[in-house]
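Asker: Encoded as structure tokens, here's the structure I'll be asking about.
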Amino acid sequence: VSRCNTIPNIYHDLDFNLSFEELLEWLSVSEDVTSLMMAIEAVWTWYWYRYYQNIQYTVNTDILFTKLADIAGRRGWSLLPPAFFLYTIPFYFSSLKLSRLVLFQGKAKNHVVIDCVDTCKQPLIFLSKEAKLKFHFKHPSVTSCNLPGKCGFILKTVPSEAALWTLRLCTEKEDYNNESVHFHDEVQAENMHLYCCRIYSNYNRVYPISWLIWLHSEHAVDKRNKWESYYNFIFSPSDKSKFKVLYNV
């Protein structure tokens, strides 16, 4: 049976012409949206896309929190794991503190956060070329392993306009030649949600992959240059970004 190794990315299905109310309604029923994190990413990407198109909308984060919590409850999604307690999703006039959507006990245990082995100073540039992201992760179903190196997986960028900046899970043996990790078939792309976390001295901020991908589109060249210049100027050289995977086990 063939399997899909493409990492789910809400950018492919997001309609930027929806109103805020229509967007929330779509999130509540769409089969393409499979987790709370994907819903959060969709709202964030929709908002900034419209902002840069001069279609401004002031997001009331209290209302947004209530709506997202309600959608998660009705769709049976788990809340976010404790690792998201310090994260924020920035809007122009406000920020959504993800701590309000974190579950500290019980149902969040079916999600784990997996850090990329390497940090990345310029995630936009990284996504614009063919590259690999390496992760250490032993799936709970793998009870014993004697293979050399560490259990894990590799994600590979496919930076082409036709593919809309796709990332794929490497599953073939040759993908792992001369690598420090090896792959087990138990790891599934459909259970992954990839995001980028900017690590500052006193807080962390999430940047959805769908937003970073939109910045690469032909409609956003000037926005991308401003974004990169702004962050290279305002933040310390010690500030770094790290790609992370929220994995549903």
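Asker: Calculated FRET efficiency, residue 100 and residue 145, Cβ-Cβ r, R0 51 Å, to nearest 0.05? Show your work: numbers first, answer last.
Answerer: Working: r = 38 Å, r/R0 = 0.75.
Step by step, r from the Cβ atoms, then E = 0.85.
Asker: Between residue 130 and residue 4, what FRET efficiency comes out of the Förster formula 1/(1 + (r/R0)^6) with R0 = 22 Å and r the beta carbon distance, rounded to 0.05?
Answerer: Values: r = 20 Å, r/R0 = 0.90.
Approximately 0.65, to the nearest 0.05.
Asker: Further, regarding this structure: Separation between the residue 69 and residue 138 pseudo-spin-labels, each 7 Å from Cα along Cα→Cβ, expressed in nm?
Answerer: Simple spin-label model gives 3.8 nm for this pair.
Asker: How far, in nm, would the chain grow between residue 30 and residue 92 when pulled straight, counting 0.36 nm per residue and subtracting the alpha carbon separation? Please report the intermediate quantities before stating the final value.
Answerer: Working: separation 62, 0.36 × 62 = 22.32 nm, distance 2.68 nm.
So the extension gain works out to 19.6 nm.
Asker: Taking the Cβ of residue 74 as the centre, find all other residues whose Cβ is under 13 Å away and add up their charges (Lys, Arg: +1; Asp, Glu: -1). Each step should come with its number before you reach the end.
Answerer: Values: positive: 67, 75; negative: 25, 70.
Taking every other residue near residue 74 into account, the sum is 0.
Asker: In nm, to one decimal, how far is the residue 60 label point from the residue 248 one, both placed 7 Å along Cα→Cβ?
Answerer: In this crude spin-label approximation the distance works out to 3.0 nm.
Values quoted throughout were computed directly from the atomic coordinates according to the rules given, and no laboratory measurement underlies them. What you are looking at is a predicted structure, and each value in this text was computed from that prediction instead of being measured. Virtual Cβ from ideal backbone geometry, glycine too; neighbours counted across all protein chains shown.
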